[in-house]
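Every read-out reported here was derived from the displayed coordinates using simple, explicitly stated rules and does not represent laboratory data. No experiment lies behind these values; they were computed from the predicted model shown. Reconstructed Cβ throughout: ideal geometry from the backbone, glycine too, with neighbour counts over all protein chains shown.
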Amino acid sequence: MQPFELIVSVACPGELSGTDLSPYDAVCLGSPYCRRVDGNYAEALDLLAGTVTRLHGMGKKAYVSTPATPREADLPHVGRLVDAAAAAGADALEIHNMGVLRILREKGGPVPAHMGAYANVYTHLAAGVMRDAGAVRVRPNAEVALEEMGTIALEGRVEVEILVHGKIPLGVADGCFLLTEPEETDPKCPKACREEHWLASRDWVLKTVGKGVLSGRDMCMLEHLPRLARGGFRVFRVEGLYESADYRSEIGAVYREALSSVFAGGEFRVEGRWGDVVRRHAPKGLCNGYYFGAAGRKYVGSVLQDGNSGV
């Protein structure tokens, strides 16, 4: 069996197109931020069956994201999304909301549940509640340190997914930051969120993707993969939403090679060409988020230290 799983997230056919999926074991389909993303797999349900079949034909698992902050008006669609994912043969639903987990359970749990980045997993007690409600995997919130994640896995008796590279999800709002009119009538929707938008204040830089706020710096755990392996973590995510196909392809290739080296045993070293790739795709710099108990904008380590201080 493969000793680890590497996942990439893609929102729509436009992101999937051109992405080299060979480094990845699984693809998470759909954007949790906004239902209006053009071609959003979590909204365009007629695309799911063909895409899941294609991924399975490539030997990849197919996960499907659900909305991060569903409201009452969204619940009928969520029910249809659960049914469509199950009918398509999806390997899991990524869920950010206990109400959505309940919908899945009331439908008999036709698809395994993975709790996503906005599910408020801060402790093993929360993870245990989600496990008892049917979840088989959780992704702790961005503010949770690695040591706490280990406790969540052990005491919560549930598989933990780790973000190893990409923009850190920090928040999601009801309204779009990029529009001046209601989203149904604003001519900039849905094109605006396909453009790059940065929020800067002194040393701080954030990225906005419409209704979502992400870190400006890229989480990079390349230098620390042996520590993750020793900690018992086996499921790793590259955040590919709103990135280029080159980003997803090249970053994935780096982590596939690096993780394969770590799990093969022996001495591990960060190759110079790996560092070149991750720096090229991180215009605002690198960080380790909150994994080491420090502020999210810092990078802990020596091999890839670049001296930048913006988030």
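Gain in length, Asp246 to Glu196, computed as 0.36 nm per residue apart minus the alpha-carbon separation, to one decimal in nm?
Details: separation 50, 0.36 × 50 = 18.00 nm, distance 1.55 nm.
So the extension gain works out to 16.4 nm.
Inter-label distance, Arg279 to Glu155: 4.1 nm, where each label sits 7 Å from its Cα along the C-beta direction.
Return the equivalent ellipsoid semi-axes of the range 14-121 as a descending list in whole Å, where each equals the square root of 5 times an eigenvalue of the C-alpha gyration tensor.
On the way: eigenvalues 92, 43, 35 Å².
Semi-axes (√(5λ), whole Å): 22, 15, 13.
Between Ser9 and Cys28, Val238, Gly240, Leu241, the built amide H atoms are under 5 Å apart, and every one of these is 5 or more places off in sequence or on another chain.
Can you sort Met58, Met98 by how many other beta carbons sit within 10 Å, fewest first?
Met58, Met98
Per-residue ellipticity at 222 nm computed for the chain from its helices equals -8500 deg cm²/dmol, with DSSP H segments shorter than 4 residues left out and the rest contributing -39,500 (n - 2.57).
Which order do peptides 163-171, 183-191 fall in by mean Cβ count within 10 Å, highest first? List each step's numbers first, then the result.
Working: 163-171: 22.4, 183-191: 13.6.
Going from most to least packed, we get 163-171, 183-191.
Between amide H atoms placed 1.01 Å from N, distances below 5 Å from Asp20 occur with Ser249, all of them 5 or more places distant or on a separate chain. This model, with +1 at the C-beta of Lys and Arg and -1 at the C-beta of Asp and Glu, gives the range 1-117 a dipole about its Cα centre of some 220 debye. For the cross-link pairs Lys191/Lys284; Lys61/Lys191; Lys107/Lys167, the ones whose C-alpha atoms lie over 25 Å apart are Lys61/Lys191; Lys107/Lys167. Which trypsin sites (Lys or Arg not before Pro) does the range 197-245 hold that lie in a coil by DSSP with at most 12 other beta carbons within 10 Å? In loop regions of the range 197-245 (DSSP not H, G, I, E or B), the sparsely surrounded trypsin sites (Lys or Arg not before Pro) are Arg202. This model, with +1 at the C-beta of Lys and Arg and -1 at the C-beta of Asp and Glu, gives the range 156-311 a dipole about its Cα centre of some 480 debye.
Given Cβ point charges of +1 (Lys, Arg) and -1 (Asp, Glu) and nothing else, what value in debye, to the nearest 20, does the dipole of the chain about its Cα centre take? Could the numbers behind the result be given before it?
On the way: 35 positive and 39 negative charges, 72 e Å.
Charge dipole of the chain: 340 debye, to the nearest 20.
Largest first, the three principal axis extents of the alpha carbons in the chain are 50, 44, 38 Å in whole numbers.
Working note: Karplus 6.51/-1.76/1.60 with θ = phi - 60° gives the range 129-146 the couplings 4, 5, 4, 5, 8, x, 6, 10, 8, 10, 10, x, 4, 4, 7, 7, 7, 4 Hz, where Gly and Pro are set to x. Only one residue of Ala84, Gly99, Val277 has its Cα farthest out toward the positive end of the dipole of the chain, where Lys and Arg carry +1 and Asp and Glu -1 on Cβ, and that residue is Val277.
Divide, for the range 9-73, the radius of gyration over alpha carbons by 2.2 N^0.38 Å, where N is the residue count. Each step should come with its number before you reach the end.
Working: Rg = 11.8 Å, N = 65, 2.2 N^0.38 = 10.7 Å.
Scaled against compact globular proteins, the figure is 1.10.
Per 0.36 nm of contour for each residue apart, how much would the distance between Arg80 and Val300 grow if the chain were fully extended, relative to their Cα-Cα spacing? Could you put the intermediate results ahead of the total?
Values: separation 220, 0.36 × 220 = 79.20 nm, distance 4.36 nm.
Here the segment from Arg80 to Val300 would lengthen by 74.8 nm.
Give the calculated FRET efficiency between Arg102 and Arg54 to the nearest 0.05, with a Förster radius of 30 Å applied to their Cβ-Cβ distance. If you can, show how the numbers build up before the last one.
Details: r = 31 Å, r/R0 = 1.03.
Step by step, r from the Cβ atoms, then E = 0.45.
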